[in-house]
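Asker: Quick one: this structure, given as structure tokens, is what I'll be asking you about.
The values are calculated or read from the model by the stated rules, or taken from the named source; none is laboratory data. Everything quoted here is computed from the prediction, not taken from an experiment. Cβ placement follows ideal geometry from the backbone for every residue including glycine, while neighbour counts extend to all protein chains displayed.
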Amino acid sequence: MWPEAGRFGVKPLATSLRRQIFSSPWRGAGLTAATVVGTGVLRALAAQAGAAHPVPVDVVFGAAQVWVNCATVLAEELLEKTAARVPDGAARVLFLALTALLPGCADAPLVAGTGLSAYSALAPSNGLITKSNVHVDKAEVLAAKTINIIPARFPATVAPKFSAQQRDLVSNAVDRALCVSLSRRFVVVGPNQPADLTVRAAVTRVSGTNEIAAGASVATSIAMSFVETAVPIPTPRIPLGMGAISIEAEALDPKGKQRAAMVWAKGANMMFSSARMSKASDAYDLAAAFGADFAQLLIKGESPFKGSGIGIDLPTWQGIRSAMGLPAKYAACESFGRSPGLVGVVADQVGLPPEWIDKGRTNGFADPAAPKRRTADLIDGSPGGR
């Protein structure tokens with residue numbers, strides 16, 4: 001017999017699956033998941049007729065919900081990464097008409113800081129909902145084999161209303177996403193070891209999440225799980241108080257010459273962003289998205305929003321393991337801590353703040369060279385210079 005799949009089972013699981021797949025490094029897995037689940041839906045529908053134990057309708061619709069969620073993730077990814085590649089003419093007019101149906105995002109100004117060694121070579125390279133200025137020496141980047149990551153900076157002056165813990169959580173999300181994604185092609189070594197490229201990043205602007213609006217979105221989503229509908233209906237996030245972030249990063253060669261750089265900005269949106277009751281929640285999620293995009297710049301030597309192909313890569317097995325909270329491919333990535341994994345999926349489902357779930361860096365400090373100062377930050381909330 002089929003197990004019962006009530007309102008507390010399939011639909012919330014589908015929502016969590018969508019959010020987890022959309023998070024780095026699960027982005028791009030939507031196509032595979034949609035294909036697999038879609039096949040299951042067709043088989044389930046076929047089994048309705050003449051089966052000894054017909055498939056319950058709620059199981060079929062639950063599987064359909066997962067399928068729709070995965071396809072939605074893939075659609076957002078396709079629109080984001082292919083906007084600049086659609087040719088002029090009727091095809092482009094049709095494409096723009098379709099993208100007009102996308103929900104609005106939080107305003108995300110592109111803000112350059114003062115941390116990069118050079119800004120003059122940067123050129124606009126925007127996605128559909130992401131803004132960026134990019135520079136890359138393709139030949140030099142593709143020739144590199146090893147890479148190290150200097151912990152990202154998040155100065156207290158950029159987001160004075162964020163606690164030291166929240167700032168450290170966001171900057172660490174950048175580092176962790178960079179490390180996991182760069183492991184696809186590079187050998188990642190420790191920050192004090194020689195490498196072909198050295199990556200450093202900094203948060204330059206943040207708009208915090210409105211916790212009340214996020215809480216209302218979570219409550220609405222939970223309430224909708226009690227509503228029985230013939231067709232699964234996604235619950236959009238309330239489009240108020242959504243967060244945004246701007247980040248800059250560069251990759252330097254052993255002589256300190258800039259080989260790649262990016263200034264990047266993106267805001268949360270009502271369809272693809274999780275609502276969680278924390279001022280730092282959107283910044284935390286978007287920081288990981290930046291890490292994936294900058295890593296893509298270094299892996300392929302071209303903007304993640306332009307170039308050959310459709311810009312979507314299925315995750316590696318190691319990337320999936322890392323997303324589940326298992327050990328990273330390289331020991332250097334362990335210093336950035338592990339993903340909350342399945343615990344994070346459950347917490348995301350009920351809107352818990354990421355700072356309750358993510359343990360952050362393994363040493364507990366944003367700046368390993370100054371543990372005493374950072375300890376004071378975590379205790380009294382005083383500015384720590386990040």
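Asker: Could you check, for segment 241-263, whether at least one of its residues is crowded, with 19+ Cβ neighbours inside 10 Å, more than 30 Å from residue 198 (Cβ to Cβ) and of a type outside the set (Gly, Ala, Ser)?
Answerer: yes
Asker: Let me ask something additional. Sort out which residues of segment 264-283 are over 13 Å from residue 238 (Cβ atoms) and assigned to a strand (DSSP E or B), and write them in order of number.
Answerer: Passing the criteria: 264, 265, 266, 267.
Asker: Same structure again: Scan (1) modelled with pLDDT under 80; (2) β-branched (Val, Ile, Thr); (3) touching a helix residue (DSSP H, G or I) at 6+ places or on another chain (Cβ under 7 Å) for the single condition residue 357 breaks and write down its number.
Answerer: The single condition residue 357 does not satisfy is (1).
Asker: Report, by residue number, each residue of segment 121-158 that is touching a Gly at 6+ places or on another chain (Cβ under 6 Å) and not hydrophobic (A, V, I, L, M, F, W, C).
Answerer: 138
Asker: Further question on the same structure: Taking segment 316-345, which residues are over 18 Å from residue 171 (Cβ atoms) and in contact with a strand residue (DSSP E or B) (Cβ under 6 Å, 6 or more places away or on another chain)?
Answerer: Listed by number, the list holds a single entry, 330.
Asker: Just one of 351, 344 is under 30 Å from residue 128 (Cβ atoms), assigned to a loop (DSSP other than H, G, I, E, B) and either of a type in the set (Ser, Thr, Tyr) or modelled with pLDDT of 50 or more (or both); which is it?
Answerer: Going through 351, 344 in turn, the sole match is 351.
Asker: Moving to a separate point now. Please determine whether any residue of segment 174-195 is at pLDDT 85 or above and hydroxyl-bearing (Ser, Thr, Tyr).
Answerer: Within segment 174-195, one or more residues are at pLDDT 85 or above and hydroxyl-bearing (Ser, Thr, Tyr).
Asker: Out of 172, 133, report the one residue that is touching a Pro at 6+ places or on another chain (Cβ under 7 Å) and either within 25 Å of residue 253 (Cβ to Cβ) or surrounded by 22 or more Cβ atoms within 10 Å (Cβ to Cβ) (or both).
Answerer: Just one listed residue meets the conditions, 133.
Asker: Separate question: What pairs come out if I take residues in segment 127-145 that are touching a residue at least 40 places away in the same chain (Cβ under 8 Å) and assigned to a helix (DSSP H, G or I) and pair them with residues that are crowded, with 20+ Cβ neighbours inside 10 Å and among the charged types (D, E, K, R) whose C-beta lies under 6 Å away, six or more apart or interchain?
Answerer: From residues that are touching a residue at least 40 places away in the same chain (Cβ under 8 Å) and assigned to a helix (DSSP H, G or I), the pairs are 140/259; 141/259.
Asker: Any chance segment 151-170 includes a residue that's more than 19 Å from the chain's Cα centre (by Cα), part of a strand (DSSP E or B) and assigned by TED's automatic domain parsing to the domain that holds residue 306?
Answerer: No: segment 151-170 contains no residue that is more than 19 Å from the chain's Cα centre (by Cα), part of a strand (DSSP E or B) and assigned by TED's automatic domain parsing to the domain that holds residue 306.
Asker: Identify the single condition in (1) free of Cβ contacts under 8 Å to residues at least 24 places away in the same chain; (2) assigned to a loop (DSSP other than H, G, I, E, B) that residue 239 does not satisfy, given that it satisfies every other one.
Answerer: Going through (1) free of Cβ contacts under 8 Å to residues at least 24 places away in the same chain; (2) assigned to a loop (DSSP other than H, G, I, E, B) one by one, residue 239 breaks only (1).
Asker: Sort through 204, 198, 209 and tell me the only one that's over 19 Å from the mean Cα position of the chain (by Cα), buried (at least 18 other Cβ atoms within 10 Å of the Cβ) and in contact (Cβ under 8 Å) with a residue 40 or more places away in the chain.
Answerer: 198
Asker: When you go through 209, 220 one by one, which is the residue that is of a type in the set (S, T, N, Q) and part of a loop (DSSP other than H, G, I, E, B)?
Answerer: 209
Asker: List every residue pair whose Cβ atoms sit under 9 Å apart, with the two residues 6 or more apart in sequence or on different chains, where the first one lies in segment 333-349 and is closer than 13 Å to residue 149 by Cβ and the second, anywhere, is acidic (Asp, Glu).
Answerer: Matching pairs, first to second residue: 333/175; 335/175; 336/175.
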